1. Remind me, relative contact order of the stretch 184-225 in percent, using alpha carbon pairs under 8 angstrom and six or more residues apart?
2. Using Rg/Rh (Cα atoms, Kirkwood Rh) as the read-out, say which of [x] 0.95; [y] 1.03; [z] 1.01 was calculated from these coordinates.
3. So, with +1 on the Cβ of K and R and -1 on the Cβ of D and E, and no other charges, what is the size of the charge dipole of the stretch 285-413 about its Cα centre, to the nearest 20 debye?
4. Please turn the phi angles of the stretch 348-364 into ³J(HN,Hα) values with the Karplus equation 6.51 cos²θ - 1.76 cosθ + 1.60 (θ = phi - 60°), one per residue in order, whole Hz, x for glycine and proline.
5. Using the alpha-carbon centroid of each, what span in Å lies between the stretch 286-319 and the stretch 176-242?
6. Under 19 Å from a label point 7 Å along Cα→Cβ of residue 201: give me every residue in the stretch 334-366 with its amide N that close.
7. For the stretch 341-413, taking Cα atoms only, what is the radius of gyration to one decimal and the Dmax to the nearest whole Å?
8. Given Cβ point charges of +1 (Lys, Arg) and -1 (Asp, Glu) and nothing else, what value in debye, to the nearest 20, does the dipole of the stretch 231-338 about its Cα centre take?
Amino acid sequence: MVGPGGALAAAPRLLVLVLLSFLAGGARASPATDALRRVSPLAAAGGLCQQLLLPQGYPCTEHTVQTDDGFLLSLQHIPHGKNGIPDNAGPPVFLQHGLFQGGDTWFINSNEQSLGYILADNGFDVWIGNVRGTRWSKGHSTLSVHDKLFWEWSWQDLAEYDVLAMLSYVYTITQSKISYVGHSQGTIMGLAAFTMPEIVKMISSAVLLCPISYLDHISASFVLRAVAMHLDQMLVAMGIHQLNFRSDMGVQILDSLCDDEHLDCNDLLSSITGQNCCFNSSRIDYYLEYEPHPSSTKNLRHLFQMIRKGSFAKYDYGWWGNIRHYGQRHPPSFDLSSIPESLPIWMGYGGLDALADVTDVERTIKELRSTPELLYIGDYGHIDFIMSVKAKDDVYVDLMRFLRAQQGMHSSY
């Protein structure tokens with residue numbers, strides 16, 4: 001009889017051979033991976049403030065926070081807009097980016113189109129989070145990025161450690177409850193974190209863009225192919241712990257997935273996120289100077305577990321690993337009904353989103369005790385909520401109305 005995980009335990013060598021055969025097959029480069037090869041990412045030297053905000057005339061300071069497990073995270077603070085009054089900061093708003101992104105994602109369009117700039121210019125005290133492993137947060141008290149243990153984490157750790165450390169820092173500095181704004185993986189982290197009393201007590205309200213807690217109905221063709229190929233298990237078997245699509249190996253993996261027979265990646269972004277109505281594709285080369293950021297193979301595997309199992313639960317280590325980590329055979333679920341009913345929540349989601357599918361969003365809504373305010377845009381995709389050239393009018397006006405209503409601010413927008 002094969003024990004729990006026995007079949008998988010016998011598979012690593014086969015998985016390695018399968019992936020190596022893909023990589024050795026001379027996969028044709030897609031236009032998207034051509035761009036990844038052509039555009040070099042900017043060095044993180046100087047930090048996000050120096051690279052993006054200070055040149056635009058915005059006040060910005062860099063902060064470093066250490067998590068309880070030793071990671072050194074970079075935060076940025078924009079206390080007001082270009083024409084704001086120093087020492088007259090409004091209520092704090094914390095922005096948390098998604099998977100393969102960093103804090104730059106909130107400033108990567110123009111001042112008039114990027115949520116980070118817009119919030120600062122409208123009187124909010126803006127704080128930017130950058131999770132472990134991104135180019136802005138590559139430090140650790142004892143480990144280096146070349147160590148396997150540096151990448152031994154998933155979004156569960158981002159919720160339990162990174163969110164706790166960053167929000168605790170902002171809460172201590174501002175002496176005020178914080179409005180949390182997350183996109184994509186930033187909403188997974190947020191929803192998991194809000195089930196923890198020590199975190200949710202610091203939150204005044206939550207804005208969730210493309211909210212994800214379940215991934216049962218994901219339709220992104222690239223992701224479904226990667227799941228079907230067991231890409232996560234292949235990477236683990238090969239000893240690849242950092243998932244970096246700006247590395248030579250990362251680009252080769254993309255090319256191996258993007259073959260004409262199974263998957264056409266001529267529009268790689270759409271194959272990953274679904275169609276986006278209002279994304280400015282002419283700026284791709286500029287975006288690629290900042291993104292994608294690295295993540296961990298374990299994080300990818302945790303997300304694939306969500307897709308395969310239809311669960312919103314902690315990382316599954318297998319029966320014996322779960323008993324060792326959790327004291328039970330199956331990983332505990334994050335209970336959305338434990339999020340306080342008193343926490344005001346606003347959600348924005350789109351009809352073309354192939355990651356945060358409408359059916360899964362509705363399931364999330366049903367499991368919450370509160371009734372969130374909802375903004376549904378039928379022709380918006382996953383990236384539109386942060387990079388649409390029309391998001392200022394389509395999304396951010398109502399988003400800021402919600403934030404002001406919770407914080408008692410006067411509307412001037």
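The values are calculated or read from the model by the stated rules, or taken from the named source; none is laboratory data. Everything quoted here is computed from the prediction, not taken from an experiment. Using ideal geometry, Cβ is built from the backbone for each residue, glycine included, and neighbour counts are taken over all protein chains shown. For accessibility, only protein heavy atoms count, side chains too; no ligands or nucleic acids. Shrake-Rupley method; radii C 1.70, N 1.55, O 1.52, S 1.80 Å.
1. Computed value for the stretch 184-225: 50 percent relative contact order.
2. Answer label, from the structure shown: [x].
3. On the way: 14 positive and 17 negative charges, 162 e Å.
Computed about the Cα centre, the dipole is about 780 debye.
4. x, 8, x, x, 9, 6, 8, 10, 8, 5, 4, 4, 5, 4, 5, 5, 4
5. Value for the Cα centre distance between the two parts: 7 Å.
6. The answer is 338-344.
7. 13.2, 37
8. Approximately 900 debye in magnitude.
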